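Before any comments, here is the structure.
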Amino acid sequence: MGFSPHADRVVAIVTGGSLPAGRDVARGLARRAWPVVLVYLDHQTRVEATLAEIIAEGGTAIGVRADLADDLDVQRLFTESVAEFGGVDVVVHTTPDSGALLLRHAVRHLRPRSTILVTAASGPITPAVAAQLRERGITVERTAPRGALDRLDGWAQPNGG
């Protein structure tokens, strides 16, 4: 099971839940027994099919519809995730949308020693947000979608994060 300093399980938020990259990452994390919050804006049917697949394979997952450009939606995303699973350790941002609000709310809600993976070409991380993340021991990395699971496997090792 994954490493988390605050729980016996790692909880992940994955954006792009209706897109192939987001769905693939969510399935891979669920197969590692990580509860997953699958974020989507459109194509609810695709997301519901992915959630059903994860649950049928014994995984734990919920879907949250959220517009990543809407501050209240992103706040609700984290609030619902924490309410459902008790905390969040990982954010995997797979959409080309700006991740600015996602990162800002991650600073407030991610547990210390968490990680954020950005697999999409989103905007730069502001120095203020980067400093806040570093202060809490939260790492941010850019990676290709296919490399996300390998990066998270390394992070999840007791000496990896």
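Suppose the filter is among the hydroxyl-bearing types (Ser, Thr, Tyr), modelled with pLDDT of 80 or more and surrounded by 15 or more Cβ atoms within 10 Å (Cβ to Cβ); does Ser114 pass it? Please lay out each step first, then the result.
Numbers: among the hydroxyl-bearing types (Ser, Thr, Tyr): yes; modelled with pLDDT of 80 or more: yes; surrounded by 15 or more Cβ atoms within 10 Å (Cβ to Cβ): yes.
For Ser114, the condition - among the hydroxyl-bearing types (Ser, Thr, Tyr), modelled with pLDDT of 80 or more and surrounded by 15 or more Cβ atoms within 10 Å (Cβ to Cβ) - is met.
Give the number of residues within the range 8-24 that are small (Gly, Ala, Ser), surrounded by fewer than 24 Cβ atoms within 10 Å (Cβ to Cβ) and closer than 20 Å to Glu80 by Cβ. Steps first, please.
Initial filter on the range 8-24 (small (Gly, Ala, Ser)): 12, 16-18, 21-22.
In the following step, the residues that additionally are surrounded by fewer than 24 Cβ atoms within 10 Å (Cβ to Cβ) were identified as 18, 21.
Within this subset, residues satisfying the condition of being closer than 20 Å to Glu80 by Cβ are 18.
Count: 1.
What pairs can you find where one residue is in the range 62-78 and within 11 Å of Val39 (Cβ to Cβ), the other is of a type in the set (Lys, Arg) and at pLDDT below 95, and their Cβ atoms are less than 9 Å apart, with a gap of 6+ or different chains?
Val74/Arg104; Phe78/Arg108
Please identify the pairs in which a residue from the range 89-104 that is small (Gly, Ala, Ser) has its Cβ atom under 6 Å from the Cβ atom of a residue that is buried (at least 20 other Cβ atoms within 10 Å of the Cβ) and at pLDDT 85 or above, counting only partners at least 6 apart or on another chain.
Qualifying pairs under 6 Å: Gly99/His93.
Among (1) surrounded by fewer than 14 Cβ atoms within 10 Å (Cβ to Cβ); (2) at pLDDT 85 or above; (3) outside any loop (DSSP other than H, G, I, E, B); (4) not acidic (Asp, Glu), which single condition is Ala128 missing?
Of the numbered conditions (1) surrounded by fewer than 14 Cβ atoms within 10 Å (Cβ to Cβ); (2) at pLDDT 85 or above; (3) outside any loop (DSSP other than H, G, I, E, B); (4) not acidic (Asp, Glu), the odd one out for Ala128 is (2).
Could you please find all residues in the range 25-35 being in a helix (DSSP H, G or I) and either among the aliphatic types (A, V, I, L, M) or surrounded by fewer than 17 Cβ atoms within 10 Å (Cβ to Cβ) (or both)? Working first, answer last.
Step one: list which residues in the range 25-35 are in a helix (DSSP H, G or I), which gives 25-31.
Listed by number, the residues that qualify are Val25, Ala26, Leu29, Ala30, Arg31.
Name every residue in the range 36-51 that is part of a helix (DSSP H, G or I) and not charged (D, E, K, R), in order of residue number. First the steps, then the outcome.
Of the residues in the range 36-51, the ones part of a helix (DSSP H, G or I) are 44-51.
Once the filter is applied, which keeps residues that are part of a helix (DSSP H, G or I) and not charged (D, E, K, R), the range 36-51 yields Gln44, Thr45, Val47, Ala49, Thr50, Leu51.
So which of Val10, Val64 is over 10 Å from the mean Cα position of the chain (by Cα), in a loop (DSSP other than H, G, I, E, B) and among the β-branched types (Val, Ile, Thr)?
Working: Val64 fails: in a loop (DSSP other than H, G, I, E, B).
Unique residue meeting the criteria: Val10.
For the range 83-99, which residues satisfy the criterion of being surrounded by 17 or more Cβ atoms within 10 Å (Cβ to Cβ) and assigned to a helix (DSSP H, G or I)?
Phe85
The values are calculated or read from the model by the stated rules, or taken from the named source; none is laboratory data. What you see is a predicted model, and the numbers here were worked out from it, not measured in a lab. A quick note on method: Cβ atoms are made from the backbone with ideal geometry, for glycine too, and the neighbour counts reach across all protein chains shown.
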